[in-house]
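Structure record follows, encoded as structure tokens.
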Amino acid sequence: NFVSALIPPDEIGVRFDDVGALEDVKRTLNELVSLPMRRPELFSHGNLLRPCKGVLLFGPPGTGKTLLAKALATEAGANFINITTMDQWFGDAEKLTKALFSFASRLTPVIIFIDEVDSLLGARGGTFEHEATRRIRNEFMAAWDGLKTKDSQRILVLAATNRPFDLDDAVIRRLPRRIYIGLPDADNRTKILKVLLARENLEPDFRFDKLAIATDGYSGSDLKNLCIAAAYRPVEELLEAEKERGQSVVMPSLRLLQLDDFIKAKSKVGASIAYDATSMN
Ligand code: ATP
């Protein structure tokens, strides 16, 4: 089942250019992860430049954490194991975690990605904690600690969560680099929209800045859904026109997307996170 969770670097299909905004985060991840994975020889001298074994991405949902994790694997030339997509964790925890880390050490450089890490490696839940959860967490940490030095330089555990406060202290300690991925401001929404709409047929001089201002509180994922809803409008219009005429066009050409399509689509796709900008001051 690890094989199904594995994507080789040349099959991931997204890179940093596909992630809009988050420039500082990309720069940090480059220094922290891609460079040591691509050029380990530069990091094998002295004690100051030690590649890190664990990175945590945290912040509200839909802000691009998963996208960023995949893009990072491409940039680092690393295999990507997304263990979130594995459904059989609750089998033999000890066997599974050992197998995972030994599988990973044969595939270096490799990034082991755990989305919603709070649910797999969450806080100690007191007496009511599920025995299986406790066992998985302990086994995972033991296998992680047991990485040989030569492997630990080229195996990274990359975790993501919307609920960092639910994480176990022992897990947090093993993720020494914690990077906050927040909701984009207007400038960053402009950058994300430019990435999302790079291949769409937009009216000339499309006002990305106006759309960014009109989408306060939208996450990257909300912006994507808004773009999909807007792109559907010319299709809907064409279908309407065909219905009126009673026949379909053989080679239909769709009109260019206009700012107004996006503004109208806002009634269908709003900001998914309750967020009141005025109360932040
Ligand atoms: P969750 O916490 O809900 O898992 P997430 O932070 O991992 O969310 P993603 O799943 O990466 O968010 O984002 C969902 C989709 O939104 C992405 O596949 C992408 O299409 C779009 N998206 C989000 N952020 C960006 C961005 N910065 N640039 C381009 N697209 C983005």
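Brief remarks on what is shown
- The range 11-40, subset of a type in the set (Lys, Arg) and in a loop (DSSP other than H, G, I, E, B), residue nearest to the ligand (Cβ to nearest atom): ARG15
- Inter-residue pairs, beta-carbon under 8 Å, first without any contact (Cβ under 8 Å) to a residue 60 or more places away in the chain and in the range 153-166, second more than 12 Å from the ligand (Cβ to nearest atom) and of a type outside the set (S, T, N, Q), 6+ apart: ASP166/GLY122; ASP166/ALA123
- Flag for GLY77 being at positive phi and not β-branched (Val, Ile, Thr): yes
- Wholly enclosed helices (runs of 4 or more DSSP H) of the range 41-122 bearing at least 3 residues farther than 18 Å from GLY146 by Cα: 65-76, 117-120
- For the range 150-171, the candidate set comprises residues that are among the aliphatic types (A, V, I, L, M) and under 19 Å from the mean Cα position of the chain (by Cα); within that set, the residue that is nearest to LEU107 (Cα to Cα) is ILE155.
- Check on ARG177, touching a strand residue (DSSP E or B) at 6+ places or on another chain (Cβ under 6 Å), under 30 Å from PRO51 (Cβ atoms) and more than 16 Å from the ligand (Cβ to nearest atom): yes
- Members of the range 198-236 that are of a type in the set (D, E, K, R), over 26 Å from PRO252 (Cα atoms) and under 24 Å from the mean Cα position of the chain (by Cα): ASP216, ASP222
Every residue, every condition in (1) of a type outside the set (A, V, I, L, M); (2) more than 30 Å from ALA274 (Cα to Cα); (3) in contact (Cβ under 8 Å) with a residue 40 or more places away in the chain; (4) surrounded by 15 or more Cβ atoms within 10 Å (Cβ to Cβ), yes or no:
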residue: GLU23; (1), (2), (3), (4): yes, no, no, no
residue: MET37; (1), (2), (3), (4): no, yes, yes, yes
residue: LEU57; (1), (2), (3), (4): no, no, yes, yes
residue: LYS65; (1), (2), (3), (4): yes, no, yes, yes
residue: GLU75; (1), (2), (3), (4): yes, yes, yes, yes
residue: ILE81; (1), (2), (3), (4): no, yes, yes, yes
residue: THR97; (1), (2), (3), (4): yes, yes, yes, yes
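- Check on GLU203, free of Cβ contacts under 8 Å to residues at least 40 places away in the same chain and farther than 27 Å from ALA71 by Cα: no
- If the condition is being in contact (Cβ under 8 Å) with a residue 24 or more places away in the chain and either among the hydroxyl-bearing types (Ser, Thr, Tyr) or out of contact with any strand residue (DSSP E or B) (no Cβ under 6 Å at 6 or more places or on another chain) (or both), then the range 39-52 contributes PRO40, PHE43, SER44, PRO51.
Values quoted throughout were computed directly from the atomic coordinates according to the rules given, and no laboratory measurement underlies them. Since the structure is predicted, the reported quantities are computational estimates derived from the model, not experimental observations. Ideal geometry is used to build each Cβ from the backbone, glycine not excepted, and the neighbour counts take in all protein chains shown.
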